[in-house]
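Presented below is the structure to which this report refers.
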Amino acid sequence: MNSRRKFIRNLVGSGVAGWTLFADQSVLAAIDEQLQAHATLPVSVTAEDETFWATVQQAYTASTNIINLNNGGVSPAPKVVQDAVERYNQLSNEAPSYYMWRVLDKGREGLRKKLAGLAGCDAEEIAINRNTTEALDNVIFGLDFAPGDEIVLTKQDYPNMINAWKQRALRDGIVLKWVNLDLPVEDDDYLVAQYSAQFTEKTRLVQVNHVINWTGHINPVKKIADAAHARGIEVLIDGAHSFGHFEFDIPALGGDYFGTSLHKWLSAPIGSGMLWVKKEKIAKVWPLFPGESPQSDDIRKFENMGTRSFPIEQAIGQAIDFHNMIGPARKEARLRYLKNYWVNQVKDLPGVRMNTTTHPAYSCGIANIGIEGKEPGALDSFLFQHYNIHCVAINWENIHGVRIAPHVYTSLQNLDQLVAGIQSFTS
């Protein structure tokens with residue numbers, strides 16, 4: 001467990017000499033006190049301790065007037081991360097080309113190591129990007145395919161990735177093979193079989209969602225990857241909603257490529273993401289933004305995007321420190337507890353259809369609820385108009401419902417409002 005003292009030391013150590021990051025010392029001290037009290041307790045106990053999480057909530061500046069339950073879109077950053085962005089921004093604006101390129105740019109290597117530590121991989125496999133779309137597009141547009149080569153993906157994939165593959169099909173003559181998942185499901189064999197049924201001798205790559213963003217469904221990625229590799233097929237993993245959400249090591253998923261957004265569950269600054277490429281695969285992928293050596297085996301070739309927001313990039317380090325201070329296992333347990341808390345109170349209401357299972361192998365903090373005979377947008381609008389709850393209506397392929405995604409700053413009182421709203425809507 002990271003103590004408050006170590007946390008502050010990490011914050012200062014990852015900053016620029018002479019620049020103190022102004023975190024709320026009293027909030028950090030209160031969190032540290034709670035962490036010490038829970039040091040030897042099971043994470044399942046901490047997950048239900050409202051005093052502990054009420055203290056964590058004080059580290060955020062989330063609105064008290066709008067209940068934000070769309071953290072699956074973008075999560076707010078804790079105050080210490082916001083402060084880091086502001087301080088790095090102030091420094092940059094003193095002499096931009098000097099402080100950005102000669103000072104802050106040098107911090108990327110330390111950040112790369114911190115991300116690798118959290119991802120359980122080699123730092124030489126991590127590139128820092130701005131979001132999942134940019135990370136995955138490096139691979140989608142960077143691999144060589146011939147006309148007739150087949151790519152397997154699902155109709156439940158994220159639209160940006162689907163459109164990227166469709167563009168490659170239009171330009172290069174590759175063939176897209178579609179999986180259409182019937183969710184929710186608690187059956188690994190079914191899920192692996194749906195992908196495997198599309199594999200042929202022409203299949204070159206399969207794209208797999210680690211977490212399906214529409215419903216929060218967690219795929220058995222390792223089993224799908226093993227089935228693909230047995231046929232000589234590469235695996236691209238869309239990890240937009242898994243990294244920082246629950247614990248795993250990226251290499252253990254069995255894929256060849258992995259992309260994620262850090263501004264979702266890690267609560268890093270908005271506009272931050274990460275690409276992982278298996279070391280022996282780096283040289284074969286052409287970077288989305290070319291540099292001098294596009295065929296090198298240096299992961300840094302995927303960071304050649306010119307001028308970018310150095311303050312946002314460098315403040316990712318503070319988000320990692322905050323995440324580690326709370327503890328990834330505690331955070332995962334809390335997110336799953338919050339999901340189950342509201343779902344268990346509404347799942348048996350008349351007309352309710354849960355589009356997400358509560359089985360821990362197949363879901364964590366996200367769930368999707370549908371109401372028979374009602375459009376998702378009607379429930380979405382009702383919750384906002386009458387309960388000030390912000391969520392998102394989903395109408396995509398065979399998924400129709402409202403996605404609910406709380407975070408660690410979400411209180412049970414917030415979720416009680418959600419339950420009351422759903423009860424009122426269905427009555």
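The values are calculated or read from the model by the stated rules, or taken from the named source; none is laboratory data. Note that the coordinates shown come from a computational prediction; the quantities given were computed from them, not determined experimentally. When we count neighbours, we look across all protein chains shown, and the Cβ atoms used for this are built from the backbone with ideal geometry, even at glycine.
Things worth noting here:
- Members of segment 128-172 that are more than 15 Å from Arg204 (Cα to Cα) and acidic (Asp, Glu): Glu134, Asp137, Asp157
- Odd one out for Lys113 among (1) touching a residue at least 24 places away in the same chain (Cβ under 8 Å); (2) assigned to a helix (DSSP H, G or I); (3) under 28 Å from Asp32 (Cβ atoms): (1)
- When the criteria are applied in full, Ala252 fails the requirement of being in contact (Cβ under 8 Å) with a residue 24 or more places away in the chain, in contact with a strand residue (DSSP E or B) (Cβ under 7 Å, 6 or more places away or on another chain) and either surrounded by fewer than 18 Cβ atoms within 10 Å (Cβ to Cβ) or over 23 Å from Ser363 (Cβ atoms) (or both).
- In segment 178-203, the residues that are surrounded by fewer than 17 Cβ atoms within 10 Å (Cβ to Cβ) form Cβ pairs under 6 Å with partners that are outside any loop (DSSP other than H, G, I, E, B), at six or more places apart or across chains, as follows: Asp188/Lys223; Lys202/Glu150.
- Options Asn93, Asn129: the member that is farther than 16 Å from Gly255 by Cα, in the same structural domain as Tyr158 (by TED's automatic domain parsing) and among the polar types (S, T, N, Q): Asn129
- Note on segment 255-291: residues that are of a type outside the set (Lys, Arg), touching a Ser or Thr at 6+ places or on another chain (Cβ under 7 Å) and surrounded by 22 or more Cβ atoms within 10 Å (Cβ to Cβ) total 9.
- Search result, residues across segment 348-372 that are more than 18 Å from the chain's Cα centre (by Cα), surrounded by 16 or more Cβ atoms within 10 Å (Cβ to Cβ) and assigned to a loop (DSSP other than H, G, I, E, B): Asn355, Thr357, Thr358
- Within the set Asp249, Asp238, the sole residue that is touching a helix residue (DSSP H, G or I) at 6+ places or on another chain (Cβ under 8 Å), closer than 25 Å to Ser44 by Cα and either of a type outside the set (S, T, N, Q) or at pLDDT 95 or above (or both) turns out to be Asp249.
- For segment 337-346, the condition holds for no residue, the condition being that it is within 17 Å of the chain's Cα centre (by Cα), part of a loop (DSSP other than H, G, I, E, B) and at pLDDT 95 or above.
- Here Val80 clears all of (1) closer than 21 Å to Arg300 by Cβ; (2) surrounded by 14 or more Cβ atoms within 10 Å (Cβ to Cβ) except the condition numbered (1).
- Filter result for Tyr88 (hydroxyl-bearing (Ser, Thr, Tyr), outside the structural domain of Lys279 (by TED's automatic domain parsing), touching a residue at least 12 places away in the same chain (Cβ under 8 Å) and outside any loop (DSSP other than H, G, I, E, B)): yes
- Matching entry among Ile299, Ile316 (being closer than 20 Å to Ala62 by Cβ, β-branched (Val, Ile, Thr) and buried (at least 18 other Cβ atoms within 10 Å of the Cβ)): Ile316
- Met100, sole failed condition from (1) under 14 Å from Pro311 (Cα atoms); (2) surrounded by fewer than 17 Cβ atoms within 10 Å (Cβ to Cβ): (2)
- The number of residues in segment 133-158 that are assigned to a helix (DSSP H, G or I), charged (D, E, K, R) and more than 17 Å from the chain's Cα centre (by Cα) comes to 0.
- Some residue of segment 60-78 being without any contact (Cβ under 8 Å) to a residue 24 or more places away in the chain, touching a helix residue (DSSP H, G or I) at 6+ places or on another chain (Cβ under 7 Å) and not in a helix (DSSP H, G or I): yes
- Residues satisfying the stated conditions in segment 33-48, i.e. in a loop (DSSP other than H, G, I, E, B) and without any contact (Cβ under 8 Å) to a residue 12 or more places away in the chain: Thr40, Leu41, Pro42
- Any hit, segment 373-385, residues being within 22 Å of the chain's Cα centre (by Cα), buried (at least 20 other Cβ atoms within 10 Å of the Cβ) and among the charged types (D, E, K, R): no
- Qualifying residue in segment 406-415 (condition: crowded, with 18+ Cβ neighbours inside 10 Å, under 25 Å from the mean Cα position of the chain (by Cα) and in a helix (DSSP H, G or I)): yes
- Within segment 222-235, tally of residues that are surrounded by fewer than 23 Cβ atoms within 10 Å (Cβ to Cβ) and assigned to a strand (DSSP E or B): 1
- Selection of segment 159-177 for residues being in a loop (DSSP other than H, G, I, E, B) and loosely packed, with under 15 Cβ neighbours inside 10 Å yields only Gly173.
- Scanning segment 323-347 for residues that are farther than 10 Å from Val43 by Cα and out of contact with any Leu (no Cβ under 9 Å at 6 or more places or on another chain), we see that the one that is surrounded by the most Cβ atoms within 10 Å (Cβ to Cβ) is Leu335.
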